[in-house]
1. In what sequence, highest mean first, do 44-56, 95-107 appear when ranked by Cβ atoms within 10 angstrom?
2. So how do Thr80, Thr153 line up by other beta-carbon neighbours within 10 Å, fewest first?
3. To make sure I understand the rule: partners must be aspartates and glutamates, Cα under 20 Å from the Cα of Lys209, and not fewer than 8 residues away in the same chain. Which ones qualify?
4. Given (i) 21.5; (ii) 19.2; (iii) 18.0 as candidate values of Kirkwood radius over Cα pairs in Å, which corresponds to the one derived from the coordinates?
5. Going by how many other beta carbons lie within 10 Å of each one, how would you line up Met13, Met245, fewest first?
6. At what distance in angstrom do the alpha carbon centres of the stretch 174-253 and the stretch 109-152 lie from each other?
7. Between Ser217 and Glu54, what is the label-point separation in nm under the 7 Å Cα-to-beta-carbon projection?
8. Nearest 10 degrees is fine. How inclined is helix 114-130 to the longest principal axis of the chain, computing both from alpha carbons?
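Readers should treat all values here as calculations from the given coordinates under stated rules, not as data from a laboratory. Only a predicted model underlies this, so the values are computations on that prediction, with no experimental measurement involved. Glycine gets a Cβ as well: all are built from the backbone with ideal geometry, and neighbour counts include every protein chain shown.
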Amino acid sequence: MLKLLISGACGKMGRALAACAEEKGDRVVCGVDANAKESGQGFPIYRSFSEVRECVDVIVDFSRPEALGALADFAERSNTPCVIATTGYDAVGEARLLALSMNVPVFYSANFSIGVNVLCALCRRAARALGDDFDIEILERHHRYKVDAPSGTALMIANNIASVLENEPEYVFDRTGKSAPRAKNEIGISSIRGGTIVGEHEVIFAGDKEVVEISHSAQDRSVFAAGALRAAGFLIGKEPGFYNMDSMLESLDL
């Protein structure tokens, strides 16, 4: 049984994670959320990490980029592994994550769905096979409340594809006003926001007279919560370092 601290405990993903942990027999010891109120979730939720006195096995973070500093300071003081599921970090945030990983195990992914990470592996295979003969476009759809665009997952997919291409691609997020043909090295990334869409990603490899499409649709937030809990278990006993979903999926030989 894992003892967990949820950062962002009052958000949609924090609540989904708490429900998933209860279902799987893990224990949420406490949570941290700047908007903490009477939780009704069966565990205390604090407004800041300075209030936390409980001992936990792993911190699981579904919060906002600006919360990283306090989280990282607490993790280093308490020597607690971290599963980071927050996206939208700038260069300073990315550097802080890397520094944190030198002191405690850090598991980071822009998407904790096992299916999405299999999609990334399939896209790497497709990109190796199709190469420069196919144009690549990524379309992502999320609910109206998602604040970052493109999604961290779309960028993760693009980075996976770029890692196997011979020539470094250019990410193009908006073609408005461009009166020129598509460049050969482009990866187009388009965002849609609306309704209650949990998360959908479609990758299009468009060639001469044929199109290959690889897609994933998350139908419930519980898939991300389950993946984060799996990552939390994976970190137990690990040395300080930076881990990701590939670390868990190596055995699948994708």
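1. 95-107, 44-56
2. Going from sparsest to densest Cβ surroundings: Thr80, Thr153.
3. Leaving aside aspartates and glutamates fewer than 8 places away in the same chain, those within reach of Lys209 are Asp132, Asp133, Asp135, Glu137, Glu186.
4. (ii)
5. Fewest-to-most ranking of Met13, Met245: Met13, Met245.
6. Comparing the Cα centres of the stretch 174-253 and the stretch 109-152, I get a distance of 3 Å.
7. If labels sit at Glu54 and Ser217, their model points lie 3.7 nm apart.
8. 30
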